[in-house]
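Any read-out appearing in this document is the output of simple, stated calculations on the displayed coordinates, not a laboratory observation. Everything quoted here is computed from the prediction, not taken from an experiment. Note that we place each Cβ from the backbone using ideal geometry, even for glycine, and neighbour counts take in every protein chain shown.
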Amino acid sequence: MNKLNPENFELETSTVRSFARRWNWATHNSSYRWNRSPDVVRNLILRYSKEWDLLLDPMVWGWTTAVECKLLDRHLLAYDINPIALELTKKALNFEHKSKSKIELKLNDTRVLDFLKNESIDFILTHPPYADIVKYSEWKIEKDLSNIRDIDKFCDEMEIIAKEYFRVLKKLKFCAILIGDTRRNKLYQPMAFKVMERFLKAWFQLKEDIVKVQHNCKATGFRVKKSQEANFLLIMHEHLFVFQKI
């Protein structure tokens, strides 16, 4: 295993983030396509929570959030609709560390959190699929959000999710969502901002809009020529929205 913690880590202070360094501490690695940069997750946890807070990642995908919570002494409810994601997360947590944080893994649809009490969570962070841009599972899971192609229908579901997040989050606490954009019929679709509007409609307030530069995007190498021939730009950024419950 790599070192437990990153070298020369500094908390980010601007609304533009570019993390070229990845996967170089603990059990983080890029073998699972849906993993987030641990730099992103560590920055969020350190800035918007404190030790022994109860965090919620209701679409945990890979193991990034769980590993960082173990390293940073946060309790975590780690849910996902894909059992493979939970199996990989459990495996990634199998390393020695003095932390006594409690991490609960549960198979669950992010839209259904009725078993959680109102205002019981200190911080929510998650990374939903970007509609059907990338299929999340190798087989079709009925409630998988990545089965939805229509962006407005996807946003309808995200509004349901936002209302549940608002309910379970403590007052004045934060909810962070990493989301990207796409194209339809060669036209740019600002899906991230559409999702942002649904969270605002669900009574959240926007604390920060952080632009995250995408590095090592596999699709880029294959689409550069097509971009030049068809005269469109490759999307190489995501939005990291941080909402607050006022």
* Asked: With +1 on each Lys and Arg Cβ and -1 on each Asp and Glu Cβ, how big is the dipole of the chain about its Cα centre, in debye rounded to the nearest 20?
  -> 280 debye
* To do: For a footprinting-style exposure proxy, rank H97, H239, H28 by other Cβ within 10 Å, fewest first.
  => H97, H239, H28
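How much FRET efficiency would the formula 1/(1 + (r/R0)^6) give for Q244 and K186, where r is the Cβ-Cβ distance and R0 is 35 Å, rounded to 0.05?
Using R0 = 35 Å, I get an efficiency of 0.45.
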* To do: Report the label-to-label distance for L234 and F95 in nanometres (one decimal), using points 7 Å from each Cα along the Cα→Cβ vector.
  => 3.0 nm
* For R17, distant residues with modelled amide H under 5 Å away -> V211, K212, V213
* To do: Return I235, I161, I81 ranked ascending by Cβ neighbour count within 10 Å, so the fewest neighbours appear first.
  => I235, I81, I161
* Please identify every one of the chymotrypsin sites (Phe, Trp or Tyr not before Pro) in the range 75-177 that sits in a loop by DSSP and has no more than 10 other beta carbons within 10 Å of its own beta carbon. => F115, W139
* Highest-fluctuation residue, E68, E96, E51 considered, GNM on the chain with Cα pairs under 10 Å -> E96
* Asked: Taking 0.36 nm per residue of separation and subtracting the Cα-Cα distance, what length does fully extending D209 through F9 add?
  -> 69.8 nm
* Take every Cα pair under 8 Å in the range 102-246 that's 6+ residues apart, average their separations, divide by the length, and report that relative contact order as a whole percent. => 27 percent
* Identify the GluC sites (Glu not before Pro) of the range 125-201 meeting these criteria: DSSP loop state and at most 16 other C-beta atoms within 10 Å of the C-beta. => E138, E142
* Stretch K225-K143 to full length: gain in nm at 0.36 nm per residue minus the Cα-Cα span? -> 25.9 nm
* To do: Towards the positive end of the charge dipole of the chain, with charges on Cβ (+1 Lys, Arg; -1 Asp, Glu), say which of I177, L145, W25 has the farthest Cα.
  => W25
* **the chain: relative contact order as a whole-number percent, Cα under 8 Å and 6+ apart** => 18 percent
* Of the listed values [x] 54, 49, 38; [y] 55, 39, 39; [z] 46, 41, 31, grab the one calculated as Cα extents along the principal axes in Å from the structure here. => [y]
* Asked: Under 18 Å from the Cα of K117, which aspartates and glutamates turn up, not counting those fewer than eight places away in the same chain?
  -> D53, D57, E104, D109, E164
* GNM result for the chain, Cα springs below 10 Å: residue of L11, L71, L107 fluctuating most strongly -> L11
* To do: Starting from the range 28-77, pick out the trypsin sites (Lys or Arg not before Pro) whose DSSP state is loop and whose Cβ has at most 15 other Cβ atoms within 10 Å.
  => R33, K50
